[in-house]
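The values are calculated or read from the model by the stated rules, or taken from the named source; none is laboratory data. The structure displayed is predicted, hence computed values, not measured ones. Methodologically, a virtual Cβ is constructed for each residue, glycine included, from the backbone with ideal geometry; neighbour enumeration extends over all protein chains shown. For accessibility, only protein heavy atoms count, side chains too; no ligands or nucleic acids. Shrake-Rupley method; radii C 1.70, N 1.55, O 1.52, S 1.80 Å.
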Amino acid sequence: MPKDLIIDGKAITVEDGITLMQACEQAGAEIPRFCYHERLSIAGNCRMCLVEVQGSPKPIASCAMGVNDLPPNKDNSPKVISTKSAVVKKAREGVMEFLLINHPLDCPICDQGGECDLQDQAVGYGSGGSRYAENKRAVEDKYLGPLIKTSMNRCIHCTRCVRFMTEVAGVSELGAIGRGEDMEITTYLEHGILSEMSANVNDLCPVGALTHRPWAHNARPWELRKTESIDVMDAVGSAIRIDARGREVMRILPRNNDAVNEEWISDKTRHVADGLRTQRLDQPYIRANGRLEPATWDAALAAVAAKLKAANPKRIAAIAGPLAGAEEMFALKDLFHRLGSTNVDCREDGAKLDPALGRASYVFNTTIPGIEHADAILLVGTNPRLEAVVLNTRIRKRWRQGGLTVGLIGEQVDLTYPYEYLGAGGKTLTEIADGKHAFAAKLKDAKAPLVIVGSAAIARADGRAVLAAAARVAIAAAAGKNSAQGETWNAFNVLHTAASRVAGLDVGFVPEKSATTDVDSFVAAAEKGELDLLFLLGADDIDMSRLGKTFVVYQGSHGDAGAHRADVIFPAAAYAEKSATYVNTEGRAQMTARAAFPPGDAREDWTIIRALSPLVGHTLPYDSINVLRAGMYHHAPQLAALDRVVPAPADVISVLASGKGAVKDDAFRSAVKDFYLTNPIARASAVMAEMSALKKAAGKQAGLAAAE
């Protein structure tokens, strides 16, 4: 029941079950803290959050005291709490003095300077000096991997890093050894942490004991220009902040978005920034005499235009890669349609998705926050720990609350939470779809079941049959169940890995006869000499050796596989250098923002396509990004609903479930083989290359240990 309190003379009624700290903040009081964090368990280590409670013999740690635990007054009057009294002020000064006894006070050389909680709170709540003149404690720095730089003399043992790694990341490798002044935070076996979420501890550390190794001593926060943007390293669409100095992106940090990533991002999202500076395409190229030679924009555009005008429209094709924005896909599709060709495809991996069936057939219908309501989850051919790291932490968060059953069909891997391994291939999925497997009953008995299909499972030759079987499982599991909003519960979810995929399907960047024409057919036609021109919009993951003598145009930001094969290269802006719309796996449209300018003569993607259009005799009718977006929104209105999930009609799932074909018993594989090298930007990053090598070495070492 609600609790009445008087906080700093202000009467307030707070809800049942919250902490005293939360009650004080609801009353408008500012409570300092080091160990407390809203998304971690309560430790009560630092004692900085002390408040005075009437009747208590000493100040109370407000983070660890619940309002329900306060003993009532004899006359049942509201408890009186003070956060600004002389007792509280003296107590906080004493705590701060203790914290600074052993702190080295090396602020001028600390990377945390300007963003340090200890600095801020020492000024706000500390005294003017210290009474301690003894030698400070010295602690040896620890090796926590290539992403985390340690200065353990600064550590105040708040244990935020330990709790994050154990509770959120699900890796029990970091902890405390020793007692009293001998206590140290360390990895027990003195090796680096290889969790895909490890660098979040640097944000959590309040004192600079843990900082970012890749950008150590590069810049001060007040030197950087901060831009709010969206991550495109996977299809989750995490909210990020890009910090740039001049033309250079210096670092990438998370922004809070409870509906998507809370306040976490993956290590790849955070440390791919150096890939934005290396192996960049900064001028057009034309292949002459077997070599790519620098060219002017006019020459490069004219060369491509001549090939397009001379080619039969049925013998040209375009493929969009994983980092393409909605605007450039819409413009390229528009140009190809005006040329008379419908050979465009955003399904680079060959996924058997058809937007004609309806949006619910290719998005994560339950939404990412909806995972927290689930009580049974079936994972089909996916490893969310590698394919969507932040989404995987949501599943783990739900598991920690209790009452969640997870079943997996596919590769048996460590997902950071326990699951029932149901089988490796399609036979198990078919048995569940036919109601002949025990897990089918668990899904049916669940109040909020989820069926999550991985992108690799639907990229197989029998992908349509896999989708149909998964749809039948979802329909049977969701029968008679409603969501919290009273709508029919839709348990069918597709987990994408490419940031461009949902937007491409939304704008119709697929062949008109998508059931028989796709990327594989384009490549096969090129191999047979039946394709005159192939336009690669940042597409690097197809088999370039099969393209034969086809004239290849590559438009992208990095010198990856597509650029090596190309006959003409158009240098384009990366995601941090343009404003573009991306739609995440749940169908949430979000927009990046330009944080820096592209290098050299590189340009934004849609402007390149617009510049090409008059040379082929089909001038596109938009000279600004706003006019282009107006046309795009007319074609796909859901893209205009920025940062909102527009629910898709669930009746299309029954149409999907009626698909014919048998699911082969081949084992499902994850879409991501190497988490750190999944796209051209990541493959250009030295930090990601180092992490990939370390991960492989650790895997080999673990394999040898298991063999022994």
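Quick check, is VAL207 in contact with a Phe, Trp or Tyr (Cβ under 8 Å, 6 or more places away or on another chain) and farther than 30 Å from PRO599 by Cα? Steps first, please.
On the way: in contact with a Phe, Trp or Tyr (Cβ under 8 Å, 6 or more places away or on another chain): yes; farther than 30 Å from PRO599 by Cα: yes.
Yes, satisfied.
May I ask you to list the residues in the stretch 27-65 that are open to solvent by 60 Å² or more (accessible area, probe 1.4 Å) and either of a type in the set (D, E, K, R) or over 34 Å from the mean Cα position of the chain (by Cα) (or both)?
Listed by number, the residues that qualify are GLU30, GLU38, ARG39, ARG47, GLU52, GLN54, GLY55, PRO57, LYS58.
Answer yes if at least one residue in the stretch 509-528 is modelled with pLDDT under 95, outside any helix (DSSP H, G or I), among the acidic types (Asp, Glu) and touching an Asp or Glu at 6+ places or on another chain (Cβ under 6 Å), and no otherwise.
Looking for residues that are modelled with pLDDT under 95, outside any helix (DSSP H, G or I), among the acidic types (Asp, Glu) and touching an Asp or Glu at 6+ places or on another chain (Cβ under 6 Å), one finds at least one in the stretch 509-528, hence yes.
Tell me the residue from ALA682, ALA671, ALA650 that is under 30 Å from PHE330 (Cα atoms) and part of a helix (DSSP H, G or I), please. So that I can check it myself, show each step before the final result.
Numbers: ALA671 fails: part of a helix (DSSP H, G or I); ALA650 fails: part of a helix (DSSP H, G or I).
Just a single option satisfies the conditions, and that option is ALA682.
Might you check whether a residue that is buried (at least 19 other Cβ atoms within 10 Å of the Cβ) and either of a type in the set (Asp, Glu) or without any contact (Cβ under 8 Å) to a residue 12 or more places away in the chain (or both) occurs anywhere in the stretch 416-434?
Among the residues of the stretch 416-434, not one is buried (at least 19 other Cβ atoms within 10 Å of the Cβ) and either of a type in the set (Asp, Glu) or without any contact (Cβ under 8 Å) to a residue 12 or more places away in the chain (or both), which makes the answer no.
Which of the residues that make up the stretch 228-260 are under 20 Å from THR678 (Cα atoms) and part of a loop (DSSP other than H, G, I, E, B)?
Passing the criteria: ASP231, VAL232, MET233, ASP234, ALA235, VAL236, GLY237, SER238.
Taking TYR622 and the conditions (1) crowded, with 18+ Cβ neighbours inside 10 Å; (2) of a type outside the set (A, V, I, L, M); (3) under 21 Å from GLY556 (Cβ atoms), which numbered condition does it fall short on, given that it satisfies the others?
(3)
Residues that are without any contact (Cβ under 8 Å) to a residue 40 or more places away in the chain and more than 12 Å from ALA324 (Cα to Cα): which strands (runs of 3 or more DSSP E) entirely in the stretch 548-605 hold 2 or more of them? Break it down stepwise before answering.
Values: elements: 551-556, 568-571, 581-583, 589-591.
Correct list: 551-556.
Would you point out which residue out of THR187, THR159 is of a type in the set (S, T, N, Q), over 30 Å from LEU495 (Cβ atoms) and in contact with an Asp or Glu (Cβ under 7 Å, 6 or more places away or on another chain)? Spell out the reasoning first.
Working: THR159 fails: in contact with an Asp or Glu (Cβ under 7 Å, 6 or more places away or on another chain).
Going through THR187, THR159 in turn, just one is of a type in the set (S, T, N, Q), over 30 Å from LEU495 (Cβ atoms) and in contact with an Asp or Glu (Cβ under 7 Å, 6 or more places away or on another chain): THR187.
Report yes if ALA317 is small (Gly, Ala, Ser) and buried (at least 19 other Cβ atoms within 10 Å of the Cβ), otherwise no.
Values: small (Gly, Ala, Ser): yes; buried (at least 19 other Cβ atoms within 10 Å of the Cβ): yes.
So ALA317 passes the test.
Criterion first (open to solvent by 10 Å² or more (accessible area, probe 1.4 Å), out of contact with any His (no Cβ under 8 Å at 6 or more places or on another chain) and within 12 Å of GLU348 (Cβ to Cβ)) does ASP520 satisfy it?
On the way: open to solvent by 10 Å² or more (accessible area, probe 1.4 Å): yes; out of contact with any His (no Cβ under 8 Å at 6 or more places or on another chain): yes; within 12 Å of GLU348 (Cβ to Cβ): yes.
Judged against the criteria, ASP520 is a match.
Under the condition of being touching a Phe, Trp or Tyr at 6+ places or on another chain (Cβ under 8 Å), surrounded by fewer than 20 Cβ atoms within 10 Å (Cβ to Cβ) and among the aliphatic types (A, V, I, L, M), which residue from the stretch 251-300 is nearest to SER198 (Cα to Cα)?
LEU292
Looking at (1) of a type in the set (Ser, Thr, Tyr); (2) touching a residue at least 40 places away in the same chain (Cβ under 8 Å); (3) in contact with a strand residue (DSSP E or B) (Cβ under 8 Å, 6 or more places away or on another chain), which is the one condition that is false for SER41?
Every condition holds for SER41 apart from (3).
For THR187, which of the numbered conditions (1) under 23 Å from LYS696 (Cβ atoms); (2) over 32 Å from the mean Cα position of the chain (by Cα) fails to hold?
(2)
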